[in-house]
Structures are given as structure tokens and as C-alpha cells.
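Contents: one structure, followed by commentary.
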Amino acid sequence: MIVDHRTYTCHPGKLKSFVDLYEKMAWPLQMKYLENNLGWYTSMDIGQLNQVVHLWAFKDLADRAERRARMQADPAFGAYLAEATQYLVSMENKILSPTGFFDLDGLVAKS
């Protein structure tokens, strides 16, 4: 199992607008195609500001690529991206793998 760790930084004053748009347009699509969300968070007033962090579990890189390709082929996701990019300064993506003693599989529903 792997975790796709995504961090998006919004323009100052645009975090709420981005989160509202995401909840309305992208959350349903990502839950449909990606399924295994491990968390969706916004930064507080300590450290880097105006950030969203979300974590998604996948069986492996091939599973991630297949699910993301299906989502990106959905015209509704393209419509979301066209709206969302105006709020973003940057996007960062990391692929994480659990340590030998952490049971990620036990936390994620088998799909």
C-alpha cells in the first residue's frame, strides 16, 4: 500500500473559496474514483499558511495511475480544475510507503 500526500497552497484570502469549491465539485468525484481518503486538512495559523493537505491510499502506483486516469477522464473533473486553479499558488505531491511496523492495510477498506 502507498499513500499519495498532496499539499496545495492557496493565494492569501482564497483558502475558504477553494475548500468550498472542492467540497462541491471535487470531493464527490474523488471519493467515487480514488475512494480511500485518509484525511483532508487545512492549515491553522501556525507554520505555512493557506494550505490544504489530503492523503489517499492506493494498492500501488499502478492502482493510483488507473484510478487517477479514470477521474481525469471525467468531464466534471476537468470543469473543477478549470475553476480551482485560480485559487492555487502551488501544488506538491509525495508518494509515501508505510514502515514495516505500521499496518496501513488494516486502516483502509479493501477495494
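Tabulated values for the structure
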read-out	value
Test: V19 is modelled with pLDDT of 95 or more and over 20 Å from Y87 (Cβ atoms)	no
Elements of type helices (runs of 4 or more DSSP H) contained in the chain, each with 2 or more residues being loosely packed, with under 11 Cβ neighbours inside 10 Å	61-73, 75-84
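The values are calculated or read from the model by the stated rules, or taken from the named source; none is laboratory data. Since we're looking at a predicted model, the values are computed, not measured. Positions of Cβ are generated from backbone atoms using ideal geometry, with glycine treated the same way; all protein chains shown enter the neighbour counts.
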